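Coordinate-derived values only; no laboratory data. It should be emphasised that the depicted structure is a prediction, and the values quoted were computed from it without experimental measurement. Here the Cβ positions follow ideal geometry from the backbone for every residue, glycine too, while neighbour counts run over all protein chains shown.
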Amino acid sequence: MKLKPSSAFLLSSLLSLPVMAQPPGTKAEVIPITEAIPDDPEVQKVIEPLAAEIKASFGLPLVQAPQGVFRGRRGEENLLGYWVSDVMRQAAQPLVGAPVRFAITNAGGLRANLRPGQLKVGDIFELMPFENELVVIELTGAEVIQVVKEGLLRRGGEPCSGVKVKVEGTPQQATLTVVWEDGSAIDPSAVVKVATTDYLYAGGDSIPTLKKGRKPFTTGVTLRQMLLDQCTAMGKAGKELLPPAPGRYSVPVPILEAIRDKTFKL
Amino acid sequence: MERRTFLASLSAAAVASQVPLKAVDGPAAGRITLLHTNDTHSRIEPFGPGNGAISGKGGMARRATLVKQLRSQLDSVLLLDAGDTFQGTPYFNRYKGRLDYQLMRMIGYDATTLGNHDFDNGVGMLIEAIESMEQLKHRNPPFAFLNCNFDCKGAPALGTRLRPYLVREFPGVRVGITGVGVAFAGLVAPKNHEGITWKDPYESLKPVVKRLREIEKVDLVVVLSHLGYDNRDGAYDDLRLPGQVAGIDAVIGGHSHTFLDAPVKVKQALGETLVFQVGFGGVNLGRMDFALARGAVKAASGAAMPVVG
């Protein structure tokens, strides 16, 4: 076996150090795992057939997404999240047999962007690796506004469907306006159906008002399956998947920065 | 072998140039290398293109090679992980974490701890994954699951598999390792951690570290932490931990996916603690070498040596 020059250098340094001159001490480093390191044959032998299995099932084509759908960088709108929450609302309606006015998911649960081109089964798995389930609850209009506010304070706005959200003013003095997507006012006392996930309904990601949801309907449909079904249907109908229009959240940059620094109150 | 000859000639040269060595009169010296990963998230294969700076990096087969190389070069090595092995690729959805743990055993891990995502399929599936790793026929022994702040009274099947700490003896150095996990609230659905109660990690660590130091008489205390590196709004994180629990030499961190270039030294009552974390997805392997004089102050002083490549 041939030693790499750098390893030889380490060994020579170790061996040339006088033992007593070596104080109790450390050496530390980050070793990047790159293609320069060959695969271990024993481990690779286990992975290879499984990788082939995964590729076979996850390489199946779903639908064309010519522009891709992206989460957006900080300060940009999360169009991927908008799309997922739109599909949640749309999928929930037939399941509960009633209009679903609002849907909200958490940006943190969307684990990958959809890159432009042919979408495959594996892309949806990467986007939504979790087993989270679609849940429909009832909230009042006032609670819907509160849910939006909690998502805003936590992450600058969690992706949602059915409303338009506007924050105006300065980090010190801001006002929040939430209206239905058609611009009409939200009646604080009206009871509406809301689609979300079992994770958020259980209190995940700190939108506590979702926990107040009444008459929960657990659909038994995972968000992933819901997205797979939607993409399959669009593909079969010869449609393309396009990102939803922006404009659901309007928040001034200084306020977004204050939210990030956790100095913003509303 | 060429390497042996090379080593022998080097030692001869070293001895010749360093005579007289005083080591014989001094306290026993020990060396230990900690290799570590965190938040590997079912990244069995390397990251594909389109993933920015981490494109093409990672992969468990490469990690296995690197660990083998380092173990062949070094006498005393521990391979550790700070949790969140599960969730992130179709491999997890298909193989439910069994593959991750089995490959970790093949790579030669000594211990890991549990992160929040390791509960994503519930306690039952977690135990199944651990069992499948234990039952694997392989020359490497099964690795340990370390945690001291989960009360598993209501989930005995997991409780019997979680150990509060582990002690490993190497020439000239005894190492104690323990682990702590992040609070479930808001991260793990209640049904997925049924029977397990999260307890304050600082209060849970204090008696364990004391026991490791005073009864187990270890030279080095290592904590596998899934608390996160720096929680701006939380009471518990790796940067606050040393100040709260004295006597820890190294914190191998996870949860926050923090890419550190080198360990951060944090002052504590008995010296310094090295806090380290190497990103996520298995794109890096962390390495911390400790050279100790037995009976000396245990916290590391950070004498730098050249980097191995």
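Each residue of segment A:98-114 was assigned a 3J(HN,Hα) from its phi angle through the Karplus curve 6.51 cos²θ - 1.76 cosθ + 1.60 (θ = phi - 60°); the sequence is 7, x, 10, 7, 9, 9, 9, 10, 10, 4, x, x, 9, 9, 7, 6, 9 Hz, with glycine and proline shown as x.
Could you give the distance between the Cα centres of segment B:93-108 and segment B:240-267, to the whole Å? Distance between centres, Cα-based: 27 Å.
Relative contact order of segment A:68-160: what whole-number percent is it, with Cα pairs under 8 angstrom and at least 6 residues apart? Taking the mean separation of contacting Cα pairs over the length of segment A:68-160, I get 34 percent. Along the Cα-to-C-beta direction of A:Asp261, a point sits 7 Å from the Cα; which residues of segment A:161-182 have their amide N less than 16 Å from that point? Once the point is set 7 Å along Cα→Cβ of A:Asp261, A:170-174 turn out to lie under 16 Å by backbone N, inside segment A:161-182. Rounded to the nearest 20 debye, the dipole magnitude of segment A:166-253 is 280 debye, with +1 charges on Lys and Arg beta carbons, -1 on Asp and Glu beta carbons, and the Cα centre as origin. Pairs spanning more than 27 Å between alpha-carbon atoms, out of B:Lys57/B:Lys96; A:Lys215/B:Lys153; A:Lys164/A:Lys265; B:Lys96/B:Lys153; B:Lys96/B:Lys210: A:Lys215/B:Lys153; B:Lys96/B:Lys210.
Under 13 Å from the Cβ of B:Lys210, count the other residues' Cβ atoms, weight Lys and Arg +1, Asp and Glu -1, and hand me the total. With Lys, Arg at +1 and Asp, Glu at -1, the neighbours total +1.
Annotation: amide H of B:Ser225 within the under-5 Å range of B:Val180, B:Ile252, B:Gly253, B:Gly254, sequence separation 5 or more or interchain, hydrogens built in the peptide plane.
Can you give the relative contact order of segment B:25-293 as a percent, counting alpha carbon pairs under 8 Å and 6+ residues apart? So the answer I get is 23 percent. Across chain A, C-alpha contacts under 8 Å between residues 6 or more apart give a mean separation that, scaled by the residue count, equals a relative contact order of 26 percent.
Think of segment B:73-186 as having a plus end and a minus end, set by charges on the Cβ of Lys, Arg, Asp and Glu; of B:Gly88, B:Ala183, B:Tyr101, B:Tyr101 sits farthest toward the positive end of this dipole.
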